[in-house]
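Have a look at the structure below before the remarks.
The values are calculated or read from the model by the stated rules, or taken from the named source; none is laboratory data. Note that the structure is a prediction, hence the values are computed from the model and not measured. With ideal geometry, Cβ positions are generated from the backbone for all residues, glycine too; neighbour counts draw on all protein chains shown. Remember, those area values only see protein heavy atoms, side chains included, never the ligands or the DNA or RNA. Shrake-Rupley method; radii C 1.70, N 1.55, O 1.52, S 1.80 Å.
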Amino acid sequence: IATQTGSGFVATYWCNMFVDGVMSEAYGVDNAKKMMNGMSALCSQTAQNMSSLQSTKDDPGEKRTVTSHDGGNVDRKCTLFVEAKAGDFVFFWNGNGTRISHIGIVKSVDGADLTTVEGNASVKSDTNNGGGVCTKVYKNYRSMERIAGFGRPDWSVVEGQFGVEGSA
């Protein structure tokens, strides 16, 4: 990951590339692509890719459909989970709540508190972009308007491998 987040990415929003890199390093590129239904540097595209996975899963979790307005004539409809699980991707709205513009990986959920690992992040929990890799804690995450929802990787792709025991 260090080679992908060096000085060449200073002026680039690389949070999504960080997530792709983590998944590729942990599970291999081919598995990561299957688990995420493809890869993209664009957070809203990843949310839309994950949306296809959510609609085919027999997961009882509550879902909601949101639309990310990416400018021009591009509107991405995304079906995302309302409740987080460890291993999910968390998608954040931009400042005015019209576009999915940031992504992180859910490390844990403790009641109403959400702990994430995010690339291109700041240590402040109210800042999306900051140039580092940070662990962040969001208190009472269910009431945060900045969170668009959660995408759940297809863990069945690596079930029984890499220490993955059953779908998350």
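Listed values for region 137-142 are Karplus-derived 3J(HN,Hα) couplings in whole Hz (6.51 cos²θ - 1.76 cosθ + 1.60, θ = phi - 60°), namely 10, 10, 7, 6, 4, 5, and x replaces Gly and Pro. A simple spin-label model places pseudo-atoms 7 Å from Cα toward Cβ; at VAL137 and GLU159 they are separated by 3.4 nm. Each residue of region 160-165 was assigned a 3J(HN,Hα) from its phi angle through the Karplus expression (A = 6.51, B = -1.76, C = 1.60, θ = phi - 60°), giving x, 10, 6, x, 7, 10 Hz with x at Gly and Pro.
Would you work out if region 14-99 is rounded, prolate or oblate? Take a ≥ b ≥ c from the square roots of the eigenvalues of the alpha-carbon gyration tensor; rounded if a/c is under 1.5, else prolate when a/b is larger than b/c, oblate otherwise. Don't skip to the answer; put the middle values down first.
Working: a/c = 1.72, a/b = 1.20, b/c = 1.44.
Oblate is the answer for region 14-99, as a/c is 1.5 or above yet b/c matches or exceeds a/b.
Carbon-plus-sulfur fraction of the accessible area of region 59-100, 1.4 Å probe, in percent? Using a 1.4 Å probe with all protein chains present, region 59-100 comes out at 47 percent carbon and sulfur. Tally Lys and Arg at +1 and Asp and Glu at -1 over the other residues with C-beta under 12 Å from the C-beta of TYR141: what net charge comes out? Result for the neighbourhood of TYR141: -1. Seen from GLN45, the other residues with C-beta closer than 15 Å to its C-beta sum to a net charge of +1, counting Lys and Arg as +1 and Asp and Glu as -1. Classify region 28-168: rounded, prolate or oblate, from the alpha-carbon gyration tensor (a ≥ b ≥ c, eigenvalue square roots; a/c under 1.5 rounded; otherwise prolate if a/b is larger than b/c)? Because its axes are fairly even, with a/c under 1.5, region 28-168 counts as rounded. For region 31-39, the Karplus equation 6.51 cos²θ - 1.76 cosθ + 1.60, evaluated at θ = phi - 60°, returns couplings of 5, 4, 4, 5, 5, 10, 6, x, 10 Hz by residue, with Gly and Pro reported as x. Which of rounded, prolate or oblate describes region 69-112 when judged by the alpha-carbon gyration tensor and an a/c cut-off of 1.5? Verdict is prolate for region 69-112.
Report the net charge of residues surrounding SER101, where surrounding means a beta-carbon distance below 13 angstrom and charges are Lys +1, Arg +1, Asp -1, Glu -1. Each step should come with its number before you reach the end.
Values: positive: ARG76, ARG99, ARG146; negative: ASP70, GLU118.
Neighbourhood net charge equals +1.
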